[in-house]
1. Report Rg (one decimal) and Dmax (nearest whole number) for the stretch 189-306, counting Cα atoms only, units Å.
2. Stretch residue 309-residue 445 to full length: gain in nm at 0.36 nm per residue minus the Cα-Cα span?
3. Take every Cα pair under 8 Å in the chain that's 6+ residues apart, average their separations, divide by the length, and report that relative contact order as a whole percent.
4. Just need the Rg to Rh number for the chain, please, alpha carbons only, Kirkwood Rh.
5. Quick one: divide the alpha-carbon radius of gyration of the stretch 28-118 by 2.2 N^0.38 Å and tell me what you get.
6. Residues of the stretch 372-391 with backbone nitrogen within less than 11 Å of a virtual label 7 Å along the Cα-to-Cβ line of residue 362, please, listed as ranges.
7. What is the angle, in °, between the Cα long axis of helix 392-405 and the longest principal axis of the Cα atoms in the chain? Nearest 10 is fine, range 0 to 90.
8. To the nearest 10 degrees, how steeply does helix 503-523 sit against the main Cα axis of the chain, on a 0 to 90 scale?
C-alpha cells in the first residue's frame, strides 16, 4: 500500500454508517451482477481497469465477482482484492460450504474483505428452485453466515427474491442471519416486482419486528423489470436503508439493476428531500460510464438519465432560449458535475507526445504502458491527418481500443475491400499471429461479411456472430466508428471492440479482438463448483 493510500480511511460499510448515520454505502456490483448480463463478460485486465476506476470514483464496496463460478472468476476477485486499497472488496457465495470457503480465499488479501452470502426465501423459489422446506432454508441461513464469519467479520446476507417472501418467514430468516453474525442485511427485489410504497413498507416492517435490527445496516438491491429500480432503492433509503446496491449504467440481468449514477445524483440534486450523503466523486461518473460501455459493448441509450448523449442537450427553441438566459431553467444539475465537459479541440496533427500524454492523464487513463502509448500516439497522428477536428471522445475511443488489443496474440495489420452494387464484395487482409505474418482474401455478401470471412481463413474457428454493432463516436461524416462484435462458441460468449475512422477497419479490429478473447476463454478450466448445489454442506 502506498503512503498516500495508507493515510486515507478504509471504506467499511457498517463501521462508516455507525460513525455517520446519514452516510449511504454505495455497493457497486457492476463486476458481479452487471457482468451477468448476456454478452457482458469481461476478462481479468478489463475487470481490474473497472475496479480501479470504481475505487477512484469513491465507491464504498466493490462486489468483485462470484468466486465459485469458475477459476477465472476466482482469479479476478483475488486480483481485485489484492490491488484495491481504499474500498471493501466483496465476493458472492451461496449457502454452501465450498462456496463460502472459495469466497473467503478469494477476498482474504483485501484490506477490507467481505463475504456476501445468500439463499432464496420466497415460496416460489424454495419449492421449485431449491426444492427445500422453509426450516431447512432457515438452518442454511445460520450455517452460511456463521461459516462466513470464520473468514471475516464483515458478512452480508441476502434473502433472494426477498420482495416476494412471506413477511413472517422473511423476519425469521433476517433474525437468524443477525444472530449468526451478519452485519449487513440486503433485501433484493430480485425480479423487479416491487413498487416504491411496498418496498419501503418492507424495510419498515423488518426494522420494527426483527430483534437486533438496530445493530445492522439494511441494504437495497433492486432490478429494473418495471422501470422502478432507482425509485425502489431511494424509497428504501427514505425509510432508513443505508446501503444501495447498484451498477454503472444500470447494467445487469434482464432489464438491469439500479443505476449508480442516477441514485448518486438524485441524492445530490435532491439533498433537500433525502438528507443523506455518499462519498462518490461525481465528476468521475461520465468517465467510468464510458469505460464500462467500451469494455462491455453495451452502448448507453441517448436519453439515459445522467450519462446519455442527450442528457444535457437542448434542441427545442423554447428550451434553448431559456438556457441562454439561465441554465437553471432547464438543467437541474450542471454537465460538469458529472464529468461532462465542453468539447476540447486543441489536439491536432501538430500536437507532440508530451501534449498527448497529458491529454490522456486529463481523460483519466493514468499510466498507459509504453508500447500501448506509442501505438496509440501513432494512430492519433494518423487520425489527425484525416479528421479535421479531434474530440476528446475520439481519443478515448482510440486509446480504449489500443489498450484492449495491445497484448493480443493476433493483430490486424491491414485490410482492403472492394465492394459495390455489381456483385460479391472482396476483402484482402493481413494479420500477425504470434509474430507470423499471414495473408488471406475472401468474398462475402457485403464488405463486412467479406472481411470476417477473410479473418476466418487465417484464424479458423467455430464461433457464431451474435451481435454486430456500429456506433459513431462523434457527429459528422468524418466521425470515428466504434464497433462491437459478439461471438459465441460452445456456450462461451465474448465481446470484441474496435475503433477507427474507417468502419471496415474498426469492424476487423473488433472481430479480431473477440477471437483473441475467445482463445483465452478456451484455456480456462471448467467451473470449480456445481452451480446446482445450494444446500449447506
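Values quoted throughout were computed directly from the atomic coordinates according to the rules given, and no laboratory measurement underlies them. What you are looking at is a predicted structure, and each value in this text was computed from that prediction instead of being measured. We place every Cβ from the backbone using ideal geometry, glycine too, and count neighbours over all the protein chains shown.
1. Looking at the stretch 189-306, its Cα Rg and Dmax stand at 14.8, 47 Å.
2. Roughly 45.7 nm would be gained on extension.
3. 12
4. Dividing the radius of gyration by the Kirkwood radius yields 0.99.
5. The reported ratio for this selection is 0.95.
6. Within reach of a label on residue 362, which here means backbone N under 11 Å from a point 7 Å along Cα→Cβ, the stretch 372-391 contributes nothing.
7. 80
8. The two axes meet at around 50 degrees.
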